[in-house]
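See structure below.
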Amino acid sequence: MKINTTRFGELEVDKKDVIVFKEGLLGFESLKKFFIVDPGDQTLILWFQSAEDPATAFPIIEPKIFQPDYIVKLLPAELASLELESINDASVYTILTIPKVVTDMSANMKAPIVINNKTKVARQIVLQDSKLEVRCKMYKELKKYIVSYASDDSTRTKAQAPSVASPEEASITTPSASDAPKTQEA
């Protein structure tokens, strides 16, 4: 199917690559369908593009790239909501905030996106670990990884962007911690 996007133009997206959020993303609850776009650069940053709103796209990255010891521990109810038996059957991404000063880039480690690789059902889950940061500075670690990284990125997604502005040039709208709904702790 063809999907128009503000950032990438018209993209051809296979229906099996559409990721469904029953609850939407924090701050964007009305948007339920997304897909991953690989801009084809060497930054390792992907884009989580809404299939319903052409202007909504979030920069995302696999947190293990810059924080190899990052572990997502889900409660049994969270696993069930994703139709997962184990976190090993899922992909995990963090949403990035990329300000004008790119070295201040940060990742939301507290509320990752977890995607069931088989069913493409996903949730953004606020983890209970109090040590995890909403704005984890990670530019230096990412830069170190990119310098030593060599791979065929085309294996991660079939949706290819024709061209995209570099992170320094990109104007990015990402939800901030203050935009997220408040949750109560038990």
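Read the figures in this text as sums done on the coordinates, not as results from a lab. Just so it is clear, the model here is predicted, and its values are computed rather than measured. Positions of Cβ are generated from backbone atoms using ideal geometry, with glycine treated the same way; all protein chains shown enter the neighbour counts.
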Rounded to the nearest 0.05, what FRET efficiency do SER130 and GLU29 give with R0 = 22 Å and r taken as the Cβ-Cβ distance? Could you check? 0.35
In nm, what is the difference between 0.36 nm times the number of residues separating GLU141 and VAL102 and their Cα-Cα distance? 12.7 nm
Over all distinct alpha-carbon pairs, what is the Kirkwood Rh of the stretch 26-95 in angstrom? 13.9
Within the stretch 24-88, report the trypsin sites (Lys or Arg not before Pro) that DSSP leaves as loop and that have at most 14 other Cβ atoms within 10 Å. LYS73
If you take every DSSP beta bridge whose two residues both sit in the stretch 2-149, what share of them, in percent to the nearest 5, is antiparallel? 95
Using only the alpha carbons of the stretch 88-145, determine the length spanned along each of the three principal axes and report them from longest to shortest in whole angstroms. 37, 24, 19
Just need the Rg to Rh number for the stretch 2-149, please, alpha carbons only, Kirkwood Rh. 0.95
